[in-house]
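Accompanying notes for the structure given below.
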Amino acid sequence: MLTGEQVPYQARWQAVWETLESEGLDALVVHGRGQVAHYGNIAHLIGHIPSNKGLFVVIARGGVPEVIASSAQAARYVLMDHLLAPGVIVRTPGKGPEATLYKEIAAATGPGTVGLAASDENGLLHKDHDGILADLGPGTQVIDAFGILESLRRQPETTKTEQLRRSMARAEGAMEAAAHRLRSDGTEADVAGAIAHYLRSHGSLFDIIHVAANDFHGQHPADRPILDGDLVTVFIETAAADGHWVELGALFALGDVSTQRLMLADQTVKALDGAASYLRGGHQASAVAGFLARQGRHTIGFGHCIGLDEIPLPITNGSAWTLLDGEAIALHPSLVCEGGQESAGVANTYVVSETGGVPLSHYPTTLRRISRSHQ
């Protein structure tokens with residue numbers, strides 16, 4: 001596990017300072033919800049993954065990040081985190097009726113032009129947005145800076161790729177646990193339980209697990225028994241203490257699977273491989289979506305940027321953003337069969353390169369066949 005000293009935070013802060021200067025900003029106010037796939041903005045800057053509400057970070061041009069916690073207890077929790085980057089300042093509102101979280105944020109920003117960066121494209125809660133604006137005072141210019149950190153977090157880092165590979169190794173181990181469980185009678189929920197046990201025992205703090213026989217549309221695993229002849233989608237998302245999020249999905253054929261289901265599996269795997277070839281630096285993300293759309297109807301989205309949690313840039317036919325060499329992308333095609341009665345999905349996480357996506361796992365590239373031992 002990485003410690004704060006091993007992560008290049010000084011370089012990240014320098015990149016923020018340079019961006020603030022180029023954007024004409026004096027300070028950046030960053031919000032990060034303590035929820036799955038919405039912690040990245042704050043974790044990127046200070047190492048701490050927020051699990052409490054009301055946590056903000058302020059970074060002024062040339063200054064170190066300052067955590068603004070809503071209470072002394074919340075501040076202590078941040079300070080206890082061994083992944084907290086060295087040099088980060090943690091502060092809370094003082095005593096008295098005039099001491100508020102928003103006044104503390106205003107004190108950290110100082111005068112000038114301030115950018116507000118929410119944890120996703122939906123922006124800050126109205127209460128937070130209005131409270132911050134009121135305490136920044138007249139004469140302070142405020143802009144929406146959501147895209148600034150989004151852009152910075154997409155930049156390639158050797159450390160980030162190494163952390164993603166560790167996350168993927170954990171996901172692959174969990175996939176093997178799923179394969180082992182599928183060899184015996186059980187339900188979708190039983191297989192999901194085996195995956196969850198493996199992930200948590202190997203350091204996963206956040207995970208999403210899907211196990212679906214013959215019809216995958218992102219639903220929760222059910223108590224449906226998995227039977228001979230089923231085509232099973234297993235979809236795993238996981239992040240550990242370093243916060244780096246990967247997605248991995250594979251297909252399992254149990255016993256004697258019908259020709260139609262085998263064709264669906266083959267089509268889905270080929271869609272993933274084909275889409276990955278479009279993950280080339282300098283090309284638009286819409287080219288990836290265009291290819292996947294031509295493969296048939298899908299039950300969930302095509303993919304998105306990923307890394308230190310999800311970066312809310314989805315891959316769609318209308319995506320106008322350009323892929324960057326070295327950034328990480330999750331792809332998850334989920335095709336519906338010709339008759340529309342069944343569906344299947346696979347997923348992988350890739351590093352964008354000049355020649356196409358470099359997969360972090362080779363697990364989903366083939367259909368896994370399972371022979372069952374009934375007890």
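The values are calculated or read from the model by the stated rules, or taken from the named source; none is laboratory data. Just so you know, these numbers come straight off a predicted model, no measurement behind them. Here the Cβ positions follow ideal geometry from the backbone for every residue, glycine too, while neighbour counts run over all protein chains shown.
Things worth noting here:
- Beta carbons closer than 9 Å, at least 6 apart along the sequence or on distinct chains, pair a first residue in region 72-86 that is without any contact (Cβ under 8 Å) to a residue 40 or more places away in the chain with a second that is surrounded by fewer than 18 Cβ atoms within 10 Å (Cβ to Cβ) and assigned to a helix (DSSP H, G or I) for D81/G4.
- Test for E247: is it acidic (D, E), free of Cβ contacts under 8 Å to residues at least 24 places away in the same chain, within 28 Å of I42 (Cβ to Cβ) and in the same structural domain as G326 (by TED's automatic domain parsing): no
- Helices (runs of 4 or more DSSP H) enclosed by region 20-135 - at least 3 residues per element that are farther than 30 Å from T238 by Cβ: 101-109
- Residues that are among the aliphatic types (A, V, I, L, M) and farther than 16 Å from E121 by Cβ were ranked within region 19-44; the one that is surrounded by the fewest Cβ atoms within 10 Å (Cβ to Cβ) is V36.
- So A177, is it in the same structural domain as L331 (by TED's automatic domain parsing), hydrophobic (A, V, I, L, M, F, W, C) and in contact with a helix residue (DSSP H, G or I) (Cβ under 7 Å, 6 or more places away or on another chain): yes
- Scanning region 54-87 for residues that are touching a Lys or Arg at 6+ places or on another chain (Cβ under 8 Å) and either on the phi > 0 side of the Ramachandran plot or of a type outside the set (A, V, I, L, M, F, W, C) (or both) yields E66, S70.
- Condition met for I143 (outside any loop (DSSP other than H, G, I, E, B) and within 26 Å of A328 (Cα to Cα)): no
- Pairing each residue of region 100-113 that is in the same structural domain as V57 (by TED's automatic domain parsing) and on the phi > 0 side of the Ramachandran plot with any residue that is among the basic types (K, R) and modelled with pLDDT of 90 or more, provided the two are 6+ apart or on different chains, yields C-beta distances under 9 Å for G112/R61.
- Remark: A177 matches the filter, which requires a residue to be farther than 20 Å from V57 by Cβ and among the small types (G, A, S).
- Residue within region 301-311 that is surrounded by fewer than 15 Cβ atoms within 10 Å (Cβ to Cβ) and either hydrophobic (A, V, I, L, M, F, W, C) or in the same structural domain as I226 (by TED's automatic domain parsing) (or both) present: no
- Residue match in region 346-361 (condition: in a loop (DSSP other than H, G, I, E, B), touching a strand residue (DSSP E or B) at 6+ places or on another chain (Cβ under 9 Å) and on the phi > 0 side of the Ramachandran plot): yes
- The one condition in (1) part of a loop (DSSP other than H, G, I, E, B); (2) touching a strand residue (DSSP E or B) at 6+ places or on another chain (Cβ under 8 Å); (3) under 28 Å from L149 (Cα atoms) that L324 fails to fulfil: (2)
- Residue check, V16 surrounded by 15 or more Cβ atoms within 10 Å (Cβ to Cβ), in the same structural domain as A99 (by TED's automatic domain parsing) and either modelled with pLDDT of 90 or more or part of a helix (DSSP H, G or I) (or both): yes
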